[in-house]
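Peer 1: Got a structure here, written out as structure tokens. Questions coming.
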Amino acid sequence: MPVSNDYSIRLEQSLKEIVEHYGTPFHLYDEKGIRETGNTLIEAFEGVEFFREYFAVKALPNPAVMKLMQSMGFGFDCSSVAELALSRQIGARGEEIMFTSNNTSPKEFATAAADGGCVLNLDDISLIDKVPEMPELICFRYNPGERRTGNSIIGNPVESKYGVSHDQLLDAYRQAKARGAKRFGLHTMLASNELNHAYMVETARMLLERVEWISAELDIAFDFINIGGGLGIPYRLGEKPLDIVSMGREIGKLFQLFKTQHGYMPKLYVESGRYMTGPHGVLVTSAINRKEIYRTYVGVDSCMSSLMRPGMYGAYHHISVLGKTGEDETVDVVGSLCENNDKFAIQRALPQVEDGDLLYIHDTGAHGHSMGFNYNGKPRPKELLLREDGSVEMIRREESLNDLFATLTFEQNIFKPAG
Ligand SMILES: *Cc1c(COP(=O)(O)O)cnc(C)c1O
């Protein structure tokens, strides 16, 4: 299922009123669903001694949502200066933040170390000497290359720009230790939107095996392993959800075995974005133009500035029309950008849509608003949060023209190189 029945029932009950109050378009996120998913994740990993989700901030970088994560005991996975700043803005500090950057700049290193630091996750062996001050706790992102196949979305590890290669791994920890690191973590991120739990179990197994190997070679113990994000959600009707319970149970067994053999259990970290918030958001938009040429087009009042996954990756997002069911006609649902990939759905069977109908596009709670861009000067929409008591909070306003023009210099600003 795309959004849960429970959410669609609560949503449909009050959507008309919410639209009358706020106007379309907007993303609407569901606190109740996010909390339920958070609890499911926590319960699934009760078999390991210490489990923590680091919410991947890029999926939904909004303080109101991040505070929900914080209240469940989660940390934050950041990969940019802005994401670090946002996490600290809501009070996250030190080991509550994981910094998984790649192609890291000096400015990013400086920000990572400021304000109580964070868990630094280095993407390359060459970065060890570039860390201004080696922290006590250090992690490396591991790229197993041909030892694993990625999945179709993220691609083959051999072609991926991320991580330390297998042959560099021992040296990476050796060098970090020589520079003063005392505690260690090991991270990888190999799959995206993975629905097969066995794949994630294999990832945990692989990291534990590497930990055994590195520990034996270098006489170090590991504080944690981090199996990354990439837990999948069913975007299509009828798709089977990820079996998180089996995933947790099987990974728990691997950790128990590790403890039997080595006398301790590292912590287990994941950094999910999509799994936590994806199904708990919808993009609500109004049909404003119906057009019949060679195909039928339903034009809506939002575009790729609100959601670019369909245009960028051909991603499927389910679409509902409020108060209508059935599959009366096959249409393209389109935005207003001067780009022909500005389509939310291509040749989709929908009920007959008229101007003024409300559409909601499912599963926009992750990599939705945050990926939106301002081509054609289209503003990004507001974000609303449906609270557990049924009230609706505006957690981000719509962008204005002033926002879009804020970086323009209307006065002359000239530099003439002496040459
Ligand atoms: C994007 C990303 C995530 C989150 O991915 P999801 O598919 O949203 O779970 C986690 N970790 C890293 C390093 C990422 O780049």
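The values are calculated or read from the model by the stated rules, or taken from the named source; none is laboratory data. Computed from a predicted structure; not experimentally measured. Every residue, glycine among them, receives a Cβ derived from its backbone with ideal geometry; neighbour counts consider all protein chains shown.
Peer 1: Across the range 153-166, which residue is farthest from the ligand (Cβ to nearest atom) among those that are under 11 Å from R141 (Cα atoms) and outside any loop (DSSP other than H, G, I, E, B)?
Peer 2: It comes out as H166.
Peer 1: Sticking with this structure for a sec: With among the charged types (D, E, K, R), more than 16 Å from the ligand (Cβ to nearest atom) and assigned to a loop (DSSP other than H, G, I, E, B) as the only criterion, which of R236, R205, R210 stands out?
Peer 2: When all the criteria are applied, what remains is R236.
Peer 1: Could you run through the range 155-171 and say how many residues are surrounded by fewer than 18 Cβ atoms within 10 Å (Cβ to Cβ) and either modelled with pLDDT of 95 or more or out of contact with any strand residue (DSSP E or B) (no Cβ under 7 Å at 6 or more places or on another chain) (or both)?
Peer 2: Counting residues in the range 155-171 that are surrounded by fewer than 18 Cβ atoms within 10 Å (Cβ to Cβ) and either modelled with pLDDT of 95 or more or out of contact with any strand residue (DSSP E or B) (no Cβ under 7 Å at 6 or more places or on another chain) (or both) gives 11.
Peer 1: Got a sec? Which of S152, S79, S71 is hydroxyl-bearing (S, T, Y), more than 19 Å from N226 (Cα to Cα) and modelled with pLDDT of 95 or more?
Peer 2: It is S71.
Peer 1: Just need a number here: residues in the range 40-67 that are more than 16 Å from the ligand (Cβ to nearest atom) and more than 20 Å from K253 (Cα to Cα).
Peer 2: 3
Peer 1: What are the residues in the range 156-195 that are small (G, A, S) and farther than 22 Å from M247 by Cα, if any?
Peer 2: The answer is S160, G163, S165, A172, A176, A178, G180, A181.
Peer 1: Mind listing whichever residues of the range 273-320 are out of contact with any strand residue (DSSP E or B) (no Cβ under 9 Å at 6 or more places or on another chain), within 16 Å of the ligand (Cβ to nearest atom) and either modelled with pLDDT of 95 or more or among the charged types (D, E, K, R) (or both)?
Peer 2: Within the range 273-320, G278, M308, R309, A315 meet the criteria.
Peer 1: Scan the range 215-237 residue by residue and report those that are in contact (Cβ under 8 Å) with a residue 24 or more places away in the chain and surrounded by fewer than 22 Cβ atoms within 10 Å (Cβ to Cβ).
Peer 2: Within the range 215-237, S215, E217, L218, I220, A221, D223, P234, Y235, R236, L237 meet the criteria.
Peer 1: Is it true that V211 is assigned by TED's automatic domain parsing to the domain that holds A59 and either in contact with a strand residue (DSSP E or B) (Cβ under 6 Å, 6 or more places away or on another chain) or modelled with pLDDT under 95 (or both)?
Peer 2: Judged against the criteria, V211 is a match.
Peer 1: Taking the stated definitions as given, is G230 touching a strand residue (DSSP E or B) at 6+ places or on another chain (Cβ under 6 Å) and on the phi > 0 side of the Ramachandran plot?
Peer 2: Here the answer is yes, as G230 does meet what is asked.
Peer 1: Take the residues of the range 260-316 that are over 26 Å from R380 (Cα atoms) and of a type in the set (A, V, I, L, M, F, W, C): which is surrounded by the fewest Cβ atoms within 10 Å (Cβ to Cβ)?
Peer 2: The residue in question is I293.
Peer 1: For A221, which of the numbered conditions (1) within 14 Å of the ligand (Cβ to nearest atom); (2) at pLDDT below 95 fails to hold?
Peer 2: (1)
Peer 1: In the range 336-403, which strands (runs of 3 or more DSSP E) lie fully inside it and hold 1 or more residues that are without any contact (Cβ under 8 Å) to a residue 40 or more places away in the chain?
Peer 2: Where strands (runs of 3 or more DSSP E) fall fully within the range 336-403 and carry at least 1 residues being without any contact (Cβ under 8 Å) to a residue 40 or more places away in the chain, they are 343-350.
Peer 1: Look at the range 167-192 and say how many of its residues are more than 16 Å from the ligand (Cβ to nearest atom) and polar (S, T, N, Q).
Peer 2: Adding up the residues that qualify gives 2.
Peer 1: Oh, and also: Go through the residues of the range 262-269 one by one and say whether even a single one is of a type in the set (A, V, I, L, M, F, W, C), outside any strand (DSSP E or B) and either out of contact with any Leu (no Cβ under 8 Å at 6 or more places or on another chain) or away from the ligand (no atom under 16 Å from the Cβ) (or both).
Peer 2: yes
Peer 1: So, in the range 239-255, how many residues would count as being surrounded by fewer than 16 Cβ atoms within 10 Å (Cβ to Cβ) and assigned to a helix (DSSP H, G or I)?
Peer 2: Within the range 239-255, residues that are surrounded by fewer than 16 Cβ atoms within 10 Å (Cβ to Cβ) and assigned to a helix (DSSP H, G or I) number 3.
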